[in-house]
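Shown next, in C-alpha cells, is the structure this report addresses.
FYI, it's all coordinate maths here, none of it is from the lab. Please read all numbers here as calculations on a predicted model, not as lab measurements. Note that each Cβ is placed from the backbone with ideal geometry, even for glycine, and that neighbours are counted across all protein chains shown.
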Amino acid sequence: MLALQLLVNGIAVGALYALAAVGVALIFWTTRVFHIAHGATYLIAAYTFVSLHGNSVLLALVGSTLAAAVFGWGMNKFVYRPIQRSRESFFTLFVASFGTLIIVANVISLWAGSGPKALPPPFGRVQIGFLQVTWVAIIAIVVAVVFLLGLQFFLEKTETGVGLRAMADDVELVDLLGLNRRRYATVALILGSVLVVPAAILTTYVQGLTPQAGLRIATIALIVSIAGGVGSLAGAVVSAILLGVVENVSTLYVNASWGTAVGFSVLLAILVFRPSGVIPRPSAT
Amino acid sequence: MSLLEVSGLTAGYGSHAAIHDVAARAERGEVTALVGHNGAGKTTLLNSIAGVLRNVRGSVVFDGVETLRGGSRRRPSGLAMVPQGMGVFPSLTVGENVTLGVTAGGKVSKEEAAERIKVAQGYLPLLAERWNERGGRLSGGQRQMVSIGRALVSGASCILLDEPSVGLSPKLVEDMMKVFATLRDAGLAIVLVEQNVKQALTIADRVVVMKAGRVIVDSSAEEFSSRESLWELF
C-alpha cells in the first residue's frame, strides 16, 4: 500500500518535472541551446507568485506567468540572439545561459533573502480507496496533462506549431525557405517559460522556495530532457515521470535524502545503455 | 523590365567574397539555366538573391522593387527557393511540409491557401497521394517534388532551383524537367542551377555561365548551343 502511495506521489512530482523538462526540450528545438537559465525562469515565476500571493491568488498566477514569459522573451532577444548573430559556439551560449541563472539567483537572494519561503498548504488531502492523495498532487497531474495535451495540439494543429517542429528538424532549411526563424525562437522561449510556471508554483506549495531551487530544477530539467532523448518531448515526459517515481519509491529502501541521487543513477544507467535516450527524436538533424 | 534583375552583386561568407560584380536577369515564362563547375558561385548567387546571405552588396530588383535597400535581407515576396539536397522536414508530413510554403509566402486567406495547394497538386499529383506521409519516409525524387510543391504554394512568380537533379535517376530528372517546362509555360520565371549543362539545355531559354565567382557568359540557349567554343568551358 505504501508503495502505491509513493508511486502516486512520484507521478505527481514527475508531472511537474515533465513541465519543466518539456520547456527545455522545446527551447532546444529552436535555439540549439541547453537552456539552463530555465532555472531562473522557475525562480522568477515562484518568487513573483509568493510576493503577490497575499493580495490575490489570481493576481499572483497572472503576475508569475507574465514574469516568466517576459523573462523568456528577454533571454532570447538580449542574450541568445546577439550571441548567435556573432556565430559564437554552443558552449558560449551554454555559459551565457548558466551565467544568467547564477545572476538571477543572486539578485533574488539580495532582494528577498536566501532563507526559505513557504506558502500555506491550500487544500489538504483526499481519500481515494486506501490511498491518501494531496490535492496538490492531483492538481499537479491534471495541470501537467492539460498543459502537455494543449502543447501537443498547438504543435500539431497550428501554423506556428508546425514551424516549431520544422525548426526541430532542420534550422538551416527553415532559413533557406525564408520562414521567420526569429519568430519561432521567440514563441518557443515564451511557451517553454510559461510551461515551467505551474511547476514553480506547485513545488513551492509542497517544498517551499529558496534561491537554490533554480539550479536544482534546471539540473533536473536538463538531465531529464537529455535522458529522454535530446529534443524529444515524449522522451522528456517519460524520463521525468520515471525520475519522479524512482525518487519516491526508492525511499522504501533508502533514506529520503538519497531519492534524487537514486533517480539520477537510473537515468544515467539509461544513458549508458541507450545513449540516444528513452525515446529519441528519430529524424532530428 | 525583367522580373528579376541583379547587378553589381558582390557577396560571400564572412570577409571572403564568393561572387564579384555579378549581373544577371530572369524573365517571366523563361527558364534561366545557371551553370558552372563546383565553387563557381552559383549557390552563393541564389542565396544572395533569396535573402539568405548577410554579406551582400549591389542591387537585386524583383518585380520592380529593390530588395537590398536599407541593408535589409528579407526575401522578396513572390520569390521562392528550392534548396539543394532534397530539403524536406523529415518528421513533418508531406502536407505540413507543403503548407509551410504557404506560410513562407506571407499571409493569405484559408481559401487562397487551399486553392494554391490544389493547383500544386495538379502539377505534382504525388503531393495528394502522399499527403499524410512523413517526409523522412519519402524517396529522393519524392522529396524533391515536395520541395518544388512547397515553392509553388508560396504563390511565387519566380522559383530558384539549386541543383534539383543531384542524386536522382535519369528518368526522375527527365520527369522533373517536364514539370519545370510546364511551370515555365504557365508563366513562371525559373532559375535552374545545374552542373549538367546538357540536361539544363533541354528546357533552358537563357544560359548564364559562372566561373570563379563571375558571370562569363550570358546568352540565349539557342546561341549557346550553336557556339562550340562555349562547350569547351565544360
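Worth a mention:
- 20 Å Cα-Cα reach of B:K110 towards lysines, excluding residues that sit fewer than 8 places from it in its own chain: A:K157, B:K118
- Distances between every pair of Cα atoms in region A:17-228, grouped in 5 Å steps from 0 to the bin holding the largest one, split as 1, 7, 14, 19, 19, 15, 11, 6, 4, 2, 1, 0 percent.
- Descending semi-axes in whole angstrom, ellipsoid equivalent of the protein assembly as shown, from the Cα gyration tensor: 53, 23, 20
- 20 °C / 1.002 mPa s Stokes-Einstein diffusion coefficient of region A:19-75, Kirkwood radius on C-alpha pairs, µm²/s: 182 µm²/s
- Per-residue mean of foreign Cβ neighbours for B:45-52 is 2 (Cβ atoms of other chains, 10 Å radius).
- As a rough guide to protection, the peptides B:120-127, A:204-211 ranked by mean Cβ packing within 10 Å, highest first, stand as A:204-211, B:120-127.
- Counting Cβ atoms of other protein chains within 10 Å of each Cβ in A:156-163 and taking the mean gives 3.
- Listing B:D218, B:D63 from fewest to most neighbouring C-beta atoms within 10 Å gives B:D218, B:D63.
- Close amide H contacts of B:R28 (hydrogens built in the peptide plane, cut-off under 5 Å, sequence separation of 5 or more or a different chain): B:L3.
- Our compactness index for chain B, the C-alpha radius of gyration over the empirical 2.2 N^0.38 Å, is 0.98.
- The alpha carbon convex hull volume per residue for region B:84-156 rounds to 78 Å³.
- Each of the peptides B:173-184, A:17-28 was scored by the mean count of other Cβ atoms within 10 Å over its residues; in descending order, highest first, they stand as A:17-28, B:173-184.
- Phi to ³J(HN,Hα) by Karplus 6.51 cos²θ - 1.76 cosθ + 1.60 over region A:221-227, Hz, x for Gly, Pro: 4, 5, 5, 4, 6, 6, 5
- Counting every other Cβ atom within 10 Å of each residue's Cβ, B:E5, B:E111, A:E159, B:E96 order from fewest to most as B:E111, A:E159, B:E5, B:E96.
- The residues A:V126, A:V224, B:V153, when put in order of fewest to most other Cβ atoms within 10 Å, stand as A:V126, B:V153, A:V224.
- From helices alone, the protein assembly as shown scores -18000 deg cm²/dmol at 222 nm; the rule is -39500 (n - 2.57) for each run of n ≥ 4 DSSP H residues, then divide by the residue total.
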